[in-house]
Amino acid sequence: CVEGRKDPDNRRTFPWGNEDNDMINWFADLATVRKNNAVLVSGDSQYFGESDGNVFALLRRFDDTTNDMFLLVCDRFGRGRDFLQENIYYLTKRVDCLAEKSYSIIKEAGGYGILVKF
């Protein structure tokens, strides 16, 4: 339980000395990607999910006239790149604006997330 107390109790839940550097680097890299791509700052958002609620996707784009799009696909169980790529394939067939478009994976987070640029 985080109780919101003053220093140092407000940071007690942070894993001091046992930080997950891969996760820290993933978020730092995502911040850089966001900074360098305006569509990730002010583009329209569409959300997609699988019926079991374990895979989530966020599509960002400016409008229907641009091809500048990013798709973030996340799996809460970390089942890996192959699993996420299958879900990207499924989403690109199901979502009209993604159908028949080529994409490249520009960032991965272990098995938990992939950022795709169309």
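Summary of computed values
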read-out	value
The chain - mean residue ellipticity at 222 nm from DSSP helices (-39,500 (n - 2.57) per run, n ≥ 4, rounded to 500)	-8500 deg cm²/dmol
The chain: most fluctuating residue of GLY43, GLY53, GLY80 per GNM, C-alpha cutoff 10 Å	GLY53
Relative intensity, log₁₀ I(q)/I(0), of the chain from a Debye sum that treats every alpha carbon as a point, q = 0.10, 0.11, 0.16, 0.21 Å⁻¹	-0.38, -0.45, -0.82, -1.18
Accessible area per residue, Å², the chain with all protein chains present, probe 1.4 Å	68
Neighbour cut-off at most 13 other Cβ (10 Å), DSSP loop, trypsin sites (Lys or Arg not before Pro), segment 77-112	LYS101
Accessible-area composition of segment 1-109, carbon plus sulfur, in percent [1.4 Å probe]	49
With Cα atoms, 0 to 90° folded angle of helix 21-35 axis to the chain main axis	50
Cut-off 13 Å between beta-carbons: net charge of the residues surrounding LEU40, Lys and Arg +1, Asp and Glu -1	+3
Entries of LYS35/LYS117; LYS93/LYS117; LYS6/LYS35 with Cα pairs more than 21 Å apart	LYS6/LYS35
Mean separation of Cα contacts under 8 Å (6+ apart) over length of the chain, as relative contact order %	19
Degrees, to the nearest 10: 81-94 long Cα axis against longest axis of the chain	40
About the Cα centre, charge dipole magnitude for segment 1-97 (Lys/Arg +1, Asp/Glu -1 at Cβ), debye	200
Segment 30-88: relative contact order in percent, alpha carbon pairs under 8 Å with at least 6 residues between	25
Within a Gaussian network of the chain (alpha carbon springs, distance under 10 Å), most fluctuating of ASP52, ASP96, ASP68	ASP52
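The values are calculated or read from the model by the stated rules, or taken from the named source; none is laboratory data. No experiment lies behind these values; they were computed from the predicted model shown. As a convention, Cβ positions derive from the backbone with ideal geometry for all residues, glycine included, and neighbour counts pool all protein chains shown. Accessible surface is based on the protein model in full, side chains and every heavy atom, while ligands, DNA and RNA are left aside. Shrake-Rupley method; radii C 1.70, N 1.55, O 1.52, S 1.80 Å.
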